[in-house]
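Engineer: The following block contains the structure, expressed as structure tokens.
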Amino acid sequence: MIARRRRTNSGSDSKQNGISSQTSQTFVSEVLLDTDMSCRDRTNEFFSAAKLLQSRQGNGALAQKRNPALRQRSEFTQIAKKIGRDLANTFAKLEKLTMLAKKKSLFDDKPVEIQELTYIINQDIQGLNKQIAQLQQVARSHPNARHVQSHSNSVVVSLQSKLATMSNDFKQVLEVRTENLKHQKTRRDQFSESPSNTTYSNHSSVLFQDEMNHSQGATGGADVVINMDGLDKNRFQQQMQLVDQQDDYIQDRADTMKNIESTIVELGGIFTQLAHMVKEQEEIVHRIDSNTDDAVMNVEAAHSEILKYFQSVTSNRWLMIKIFAVLILFFIIFVVFMA
Amino acid sequence: MASSLREKQILALKRMLNFNVPATKATTTEPQWKVLVYDRFGQDIISPLLTVKELRDMGVTLHLKLHSERDPIPDVPAIYFVMPTDDNIRRIGQDFQSQLYETYYLNFISAISRQRLEEIASAAIHSNCVSQVSKVFDQYLNFISLEDDMFTLRHQDRDSISYYALNKGDVKDTEIEHIMDTVVDSLFSVFVTLGTVPIIRCPRGNAAEMVAEKLDKKLRENIRDARSSFFTSDNIQAGQFSFQRPLLVLLDRNLDLATMLHHTWTYQALSHDVFDLQLNRVDIEESVESRTPAGGVVKKKKTYDLQPFDKFWQAQKGSPFPAVAEAVQVELDSYRTQEGEVKKLKAAMGIEGEDESAISMLSDHTAKLTSTVSSLPELLERKRLIDQHTNIATALLEQIKARKLDVYFETEEKLMGKSVLDQSLMDMINDHECGTPQDKVRLFIIALLCGPPMSDAEIDQYLIALTGANCDTSALSYIRKWKAYTKMTAAPSQYAGGGTKTVGMFSKLMNQGSQFLMEGVKNLVIKKHNLPATRVVDALMDMKSLQDVDDFRYFDPKLLRSDSSGIPRNKSPFQEAYVFMVGGGNYIEYQNLVDYAKNKSNAGAPRKVVYGCSDLTSATQFLKQLERLGSEN
């Protein structure tokens, strides 16, 4: 399923870029081609150069022995990796669910599977949320250097935002599913005499079966009072209709309640979305050189300050020299003329 | 597959950030955190192309400069995107030594030489982390693409390849050689990224010819080297579009100095001229009334990004300024109506609370509310863009009014078009209200270059007047010398067909409703005319015979034997051209070429013209260079 999806994606991509109707095969090969073309892999050259240098230096064996052992990864990275993997898995599940939920056919519906997947994904999301909170704890508990701190912070934030987009997707899928279910129901109602209603009326008639039989028995028993009986029957039917109407009304009420409920949930969703939006606004516009401008400005300011200082120092120096010159002059005059 | 140069560069960058594996769908794969380390060249290349958010989406948690203080982050891979300079390589060696990261992916902006590669290798051996270096790549991305059809070579270090560096009196051969190598290296990167081999045309006897020769040699060597050629599959790839190869027109700045000093009237070029647009970002100093006890006006600096995904910018950057002002107004109105709708909805929700029909209406309204909320970010974004353009346009208008740029523009267009002036040059120079001293010098240089020939006595007279108006006339001495040297007798005729017309009262009345009080600023509409560079490109693309183009040299790197005959073999017109200015370019020329390509395409001959220049120089900067040249000699 995923493969097929991807293929359609790539197809649309290639179409967007002006290449008419291509199979995914050529698209993939083209991408590879492109890779080969605009950059050059010189890893092998580097390694051979390194080997050459090593053997030339003669301490190759020693270096080989002290081959840098894979450093123990920190707890944080491990957890982050695990969460990332779980996220990817959940995404795959979600994609599957999307495929299932988007099916519009009446007969190829798999409610059980969908239910199960929905449940699993729900569990996954909750679990992931907990895990991310835990990760945050871990990141906070180790006071680290500045860069490590910001690195772990952005890892957490990006995981969170991924989770948020995923839950949003999940919500959308569920909405699609409900919409589809509604559609299916109306269609079924159209073509098959509103199954829910029929069961309902059957059910209601079961309640009154007794009375019905009774009245029928009554009509069979006494032929004389046909008139009365008819009236009675009429009245009874009216009563039944009334009950039916009442039931309809109750059903309507229930539907409305459900609607309101869903509306409230929707509103809750809107508010979370709003909160999310406010947070996201910050990052969208930044470019990587934005803070360097400040740095340049600071450096320039510092430079001008230093210049100022330099000037004041040089002017002081001149003053000193002048004073000394005058002093020496006087001294010489003193020595020559007075002594 | 990406079509434009910019898209291709973005694709290449994304591939690099994905550890040099072609990018797949990001959401389905496991995220990989990494640190991006770049030098200032890398920063200039990346910053107009990818925002921080896009980098985050690619898994980049930190982006750091190579030469800044960096703390070790022991368990993350690091991607380096740097120039292969000695300085950078030494710094990478230090990073190895202090064991900053888990693994190293080294990407070099242009090809790294064998010797430097060995230096890195020995540094890695010394600090014992050869196995930690997992990839070494040459990226060939040594250029900055600003628009889909525009690129420049340098931003921060651009003085080294400017017009001044090429034309200064005491320039050494080695310096020129160095500049040429830099330019050729970047151009080579451009065509590697494009994956096509161009046919090169250039004029004789100047810097452009040197660049052309070197580039031809470099491309030739690469094609011959069958083992590692970038262009082997060229035919297959190009065949999907057409059998056409692009034309590369290399031009020298000396072809046309007047355009560099010209006052302009289109939005993008005005922003560049007045506010010094840098890497698609413009700085504007706003005077904000602040409530400080001193009561002074604090100058506040604001920065705006003008990104290609900004639709308004995309549509209006080539329009004359009054049209932009109108468009901003229209945009503002449509935004206001949208905002009004949202407000109305809010009011409706408030009233409906107690109503009987509330319940049935509720579901309807929440659906509307949901859609509104989901459209809110879009609306906010739009508001931000409108604010941005309003501010820029207001600031531009202030400048135009203060310096009377409209008058300058009109006069200069008339000079270029050889029509009669309303106001004599002398009057404008002596008028103290009219523009800065620099504006006056620019005007006079254009008059000298394109106007009716002047006698020495006349020029001296003007010089006295200019000095009286506080102008630095050293640039003029260079221009006079340059003019005598090149003997450009044909120069004035090159601008034929220029000129503007003032739109009459009617449209002025239309403008009165606009928020930008355009009064006192003439509503000028540019008549289409081609600048010299555009005329050359037109002649070369269509294989027209034009007097100045006839002796252009012709290089075809694909031919086995290089012939110096310079006779074009290809007789069919070209559909795609890359125009490259050696010694600086500006947005006026770019806009002119874009308009030319658009006109041609509308006329049924599809044309694609990409403009490139060694550096983007605003008129002020260019005048400074001329002044330096004049005062040195």
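The values are calculated or read from the model by the stated rules, or taken from the named source; none is laboratory data. Source: prediction; values computed, not measured. Heads up, the Cβs are rebuilt from the backbone with ideal geometry, glycines too, and the neighbour counts pull from every protein chain shown.
Engineer: Considering each of B:Glu458, B:Glu433, B:Glu410 in turn, give the residue that is outside any helix (DSSP H, G or I) and either over 19 Å from B:Thr259 (Cβ atoms) or in contact (Cβ under 8 Å) with a residue 60 or more places away in the chain (or both).
Structural biologist: B:Glu433
Engineer: Might you let me know whether the stretch B:82-91 holds any residue that is touching a strand residue (DSSP E or B) at 6+ places or on another chain (Cβ under 8 Å) and touching a residue at least 60 places away in the same chain (Cβ under 8 Å)?
Structural biologist: So far as the stretch B:82-91 goes, no, none of its residues is touching a strand residue (DSSP E or B) at 6+ places or on another chain (Cβ under 8 Å) and touching a residue at least 60 places away in the same chain (Cβ under 8 Å).
Engineer: While we're on this one: Out of all the residues in the stretch A:281-294, is one or more part of a helix (DSSP H, G or I), more than 10 Å from chain B (Cβ to nearest Cβ), loosely packed, with under 10 Cβ neighbours inside 10 Å and modelled with pLDDT of 70 or more?
Structural biologist: yes
Engineer: If you check B:Arg253 against the conditions, is it modelled with pLDDT of 80 or more, basic (Lys, Arg) and under 29 Å from B:Val441 (Cβ atoms)? Write out each step before concluding.
Structural biologist: Numbers: modelled with pLDDT of 80 or more: yes; basic (Lys, Arg): yes; under 29 Å from B:Val441 (Cβ atoms): yes.
Criteria met by B:Arg253.
Engineer: Determine which member of the set A:Gln54, A:Gln78, A:Gln25, A:Gln64 is in a helix (DSSP H, G or I), over 30 Å from A:Asn122 (Cβ atoms) and modelled with pLDDT of 80 or more.
Structural biologist: A:Gln54
Engineer: B:Glu285 is checked against (1) at pLDDT 75 or above; (2) in contact with a strand residue (DSSP E or B) (Cβ under 6 Å, 6 or more places away or on another chain); (3) exposed (fewer than 12 other Cβ atoms within 10 Å of the Cβ) and fails just one. What number does that condition carry?
Structural biologist: (1)
Engineer: Out of the stretch B:190-212, which residues are within 14 Å of another protein chain (Cβ to nearest Cβ) and part of a helix (DSSP H, G or I)?
Structural biologist: Answer for the stretch B:190-212, where residues must be within 14 Å of another protein chain (Cβ to nearest Cβ) and part of a helix (DSSP H, G or I): B:Val190, B:Phe191, B:Val192, B:Thr193, B:Leu194.
Engineer: Can I ask one more? Within the stretch B:412-441, work out how many residues are within 22 Å of B:Pro532 (Cβ to Cβ) and surrounded by 22 or more Cβ atoms within 10 Å (Cβ to Cβ).
Structural biologist: 5
Engineer: Just need a number here: residues in the stretch B:102-158 that are under 30 Å from the mean Cα position of the chain (by Cα) and on the phi > 0 side of the Ramachandran plot.
Structural biologist: Residues meeting the conditions: 1.
So that you can scan it fast, the table gives a plain yes or no per residue for (1) assigned to a helix (DSSP H, G or I); (2) at pLDDT 80 or above:
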| position | (1), (2) |
| --- | --- |
| B:Lys214 | yes, yes |
| B:Ala238 | yes, no |
| B:Ser242 | no, no |
| B:Gln268 | yes, yes |
| B:Asp273 | yes, yes |
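Engineer: Yes or no: B:Phe19 modelled with pLDDT under 85 and aromatic (Phe, Trp, Tyr)?
Structural biologist: yes
Engineer: What pairs come out if I take residues in the stretch A:113-129 that are assigned by TED's automatic domain parsing to the domain that holds A:Phe91 and free of Cβ contacts under 8 Å to residues at least 60 places away in the same chain and pair them with residues that are part of a helix (DSSP H, G or I) and acidic (Asp, Glu) whose C-beta lies under 9 Å away, six or more apart or interchain?
Structural biologist: Cβ pairs passing all conditions: A:Asp124/A:Asp86; A:Gly127/A:Asp86; A:Leu128/A:Asp86.
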